[in-house]
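Data block below; observations after.
The values are calculated or read from the model by the stated rules, or taken from the named source; none is laboratory data. All values reported here derive from a predicted model rather than from experimental measurement. All Cβ positions, glycine included, derive from the backbone under ideal geometry; neighbour counts span all protein chains shown. We work out accessible area using only protein heavy atoms, side chains counted, and drop any ligands, DNA or RNA first. Shrake-Rupley method; radii C 1.70, N 1.55, O 1.52, S 1.80 Å.
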Amino acid sequence: TGDGAGPGAKATSPFDTGPRAAESPVDQTLAAQGETLFKSKTCSTCHGFGIRITGPDLKGVAQRRSAVWMEQQMLHPDVMTKQDPIARELLGQYAVQMPNLMLKPEEAKALIEFLKKKDAMEPTPAK
């Protein structure tokens with residue numbers, strides 16, 4: 001199996017191991033920067049919270065994914081869809097390639113803190 005691409009299989013990724021991003025405390029200063037970046041870098045064009053726009057709904061993403069996976073997806077979305085099973089699965093599901101917005105690592109970290117803060121404000125119920 002390996003890539004988890006079989007029917008009903010859940011894709012896994014070497015970047016998505018370990019604790020979920022939401023398990024670490026939110027850096028409020030970075031989260032505020034991330035909120036600004038979410039708008040200025042046009043993330044909100046494709047992503048919402050509790051709503052599907054063009055790309056995946058981001059509500060609960062910090063509880064579903066590791067910070068490492070989210071950072072890789074933000075910094076290298078084009079590479080991720082070629083090499084990462086979860087990113088490939090999302091591309092298949094949404095049929096839209098996330099553009100590479102040429103984020104700096106510190107911008108990706110700020111965006112992750114913003115996503116963690118959003119998830120902390122609106123907890124996703126356990127399934």
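Summary table below
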quantity	calculated
Selected residue (only one of Thr54, Thr36, Thr45, Thr29 is assigned to a loop (DSSP other than H, G, I, E, B), among the β-branched types (Val, Ile, Thr) and surrounded by fewer than 17 Cβ atoms within 10 Å (Cβ to Cβ))	Thr54
Among (1) more than 20 Å from Lys117 (Cβ to Cβ); (2) part of a helix (DSSP H, G or I); (3) in contact (Cβ under 8 Å) with a residue 40 or more places away in the chain - the single one Gln63 does not satisfy	(1)
Every residue from the stretch 57-66 that is touching a helix residue (DSSP H, G or I) at 6+ places or on another chain (Cβ under 8 Å) and open to solvent by 40 Å² or more (accessible area, probe 1.4 Å)	Lys59, Gln63, Arg65
Unmet criterion (only one of (1) touching a Lys or Arg at 6+ places or on another chain (Cβ under 8 Å); (2) part of a loop (DSSP other than H, G, I, E, B)) for Met98	(1)
Residue match in the stretch 13-24 (condition: closer than 13 Å to Lys109 by Cβ, out of contact with any His (no Cβ under 9 Å at 6 or more places or on another chain) and open to solvent by 50 Å² or more (accessible area, probe 1.4 Å))	yes
Qualifying residue in the stretch 70-88 (condition: over 11 Å from the mean Cα position of the chain (by Cα), loosely packed, with under 12 Cβ neighbours inside 10 Å and assigned to a loop (DSSP other than H, G, I, E, B))	no
Residue list for the stretch 1-12, filter: small (Gly, Ala, Ser) and either open to solvent by 80 Å² or more (accessible area, probe 1.4 Å) or modelled with pLDDT of 95 or more (or both)	Gly8
Residue match in the stretch 9-27 (condition: without any contact (Cβ under 8 Å) to a residue 12 or more places away in the chain, in contact with a helix residue (DSSP H, G or I) (Cβ under 6 Å, 6 or more places away or on another chain) and over 18 Å from Lys116 (Cα atoms))	no
